[in-house]
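Asker: First, the structure itself, so that you have it in front of you.
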Amino acid sequence: LKELLERMSNQNTIVVVTCNFGQSELLMNFACSARARGFDLQNVLIFPTDLETKELADGMGLSTFYEEKLMASVPKHAAGVYGDSTFTSAMFAKVLCVQLVNELGYDLLFQDVDVVWYKNPLDFFHDKALPKFDLYFQDDGSRQERYAPYSANSGFYYVRSNERTQHF
C-alpha cells in the first residue's frame, strides 16, 4: 500500500472507496459518472473486498489495493438490510482502509460507493477560506441515541493525516 500511495502522492488527497462485488454496479456508476463529468480519477483508490471487484476496478483503470487476509471476512454479496452481518463486515472494511491510508500520512476523502459527484468535492475541502479542521463529516440526520452526540455520517468525510486523526 505504501508503494502505491507513493506513486499516487502527486495528488494532495487520496479518495478512498471500498466495495464488494455485490456493490460493483455502484462502483461502475461512480466511475462512469465521474468520467462523464470530466473528473480525473488518478487520486481514487479502491479497496476491493474480493478478487472479482479488484479485477473489475482494474479493468476500469482505477487504482486498487487488495489484501485477501484483511478482507476475507467481508462477503461478496450486497447487504440485505441496514445493520445485517454483511453490512457490519463492510463497515469494518470502511474503517480499515481509512486507517491504513491515514496512518501512512495521507489526507483522504472517504466515500461510500453509492456517492456520485456533481462537482469535485475536493475543491470544497481544499478551500483556504474554510476554518482549520482535522475531520469534516456530513451530518447523518439521525438523532437516535446510538449516534449521539454528533451524528456523523460515515459515508462521506474528509480526514487530514496528523497525530490527532491517527489517534482518533
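Asker: State whether the chain is rounded, prolate or oblate according to the following rule on the C-alpha gyration tensor (a ≥ b ≥ c being the square roots of its eigenvalues): a/c under 1.5 gives rounded; otherwise a/b larger than b/c gives prolate, and the remaining case gives oblate.
Answerer: Numbers: a/c = 1.35, a/b = 1.08, b/c = 1.26.
Verdict is rounded for the chain.
Asker: Along the positive direction of the dipole of the chain (beta-carbon charges: Lys, Arg +1; Asp, Glu -1; about the Cα centre), which of Phe124, Met71, Asn102 reaches farthest?
Answerer: My answer, from the dipole projection, is Phe124.
Asker: Assign one of three labels to region 1-54, namely rounded, prolate or oblate, based on the Cα gyration tensor with a ≥ b ≥ c the square roots of its eigenvalues; rounded applies when a/c is under 1.5, prolate when it is not and a/b is larger than b/c, and oblate otherwise. Present the calculation step by step, with values, prior to reporting the outcome.
Answerer: Numbers: a/c = 2.97, a/b = 1.19, b/c = 2.49.
Since a/c reaches 1.5 but b/c is at least a/b, the shape of region 1-54 is classed as oblate.
Asker: Residues of region 78-113 with the amide nitrogen closer than 16 Å to a label point 7 Å from the Cα of Gln138, along Cα-to-Cβ, please.
Answerer: In region 78-113, the label zone of Gln138 (backbone N under 16 Å from the point 7 Å along Cα→Cβ) covers 109-113.
Asker: While we're here: Relative to the Cα centre, what is the charge dipole magnitude of region 83-168, using +1 at the beta carbon of each Lys and Arg, -1 at the beta carbon of each Asp and Glu, and rounding to the nearest 20 debye? Numbers along the way, then the final one.
Answerer: Details: 8 positive and 12 negative charges, 36 e Å.
Approximately 180 debye in magnitude.
Asker: Here's a follow-up. Roughly how many percent of the accessible protein surface of region 1-76 is carbon and sulfur, given a 1.4 Å probe and a whole-percent answer? It would help to have the intermediate numbers written out before the result.
Answerer: Details: 1790 of 3840 Å².
Of the solvent-accessible surface of region 1-76, carbon and sulfur hold 47 percent.
Asker: Quick check: residue separation of Ala78 and Ala129 times 0.36 nm, minus the Cα distance between them. What number comes out in nm? If you can, show how the numbers build up before the last one.
Answerer: On the way: separation 51, 0.36 × 51 = 18.36 nm, distance 3.94 nm.
Additional length available on full extension: 14.4 nm.
Asker: With springs connecting C-alpha atoms under 10 Å apart, model the chain as a Gaussian network and identify which of Thr13, Thr49, Thr86 has the largest mean-square fluctuation.
Answerer: Highest fluctuation among the options: Thr86.
Asker: Still on this structure: For region 1-62 and region 95-149, what is the separation of their Cα centres, given in Å?
Answerer: If we compute the Cα centre of each part, the gap is 17 Å.
Asker: Compare the Cα positions of Phe30, Asn20, Met60 along the charge dipole of region 1-72 (+1 at Cβ of Lys, Arg; -1 at Cβ of Asp, Glu; about the Cα centre) and return the one farthest towards the positive end.
Answerer: Farthest towards the positive end: Phe30.
Asker: Separate question: Looking at the square roots a ≥ b ≥ c of the eigenvalues of the Cα gyration tensor of region 93-143, which shape do they give, rounded for a/c under 1.5, prolate if a/b is larger than b/c, or oblate?
Answerer: Values: a/c = 1.40, a/b = 1.09, b/c = 1.28.
Rounded, because the longest to shortest axis ratio a/c is under 1.5.
Asker: Given R₀ = 35 Å, FRET efficiency for Asp58-Phe168 by Cβ-Cβ distance, to 0.05?
Answerer: In this case the efficiency is close to 0.65.
Asker: Pairs of Cα atoms under 8 Å, at least six residues apart: use those to get the relative contact order of the chain, whole percent.
Answerer: Once divided by the residue count of the chain, the mean separation gives 24 percent.
The values are calculated or read from the model by the stated rules, or taken from the named source; none is laboratory data. Note that the structure is a prediction, hence the values are computed from the model and not measured. Note that we place each Cβ from the backbone using ideal geometry, even for glycine, and neighbour counts take in every protein chain shown. Protein only, heavy atoms only, side chains kept; ligands, DNA and RNA dropped before computing areas. Shrake-Rupley method; radii C 1.70, N 1.55, O 1.52, S 1.80 Å.
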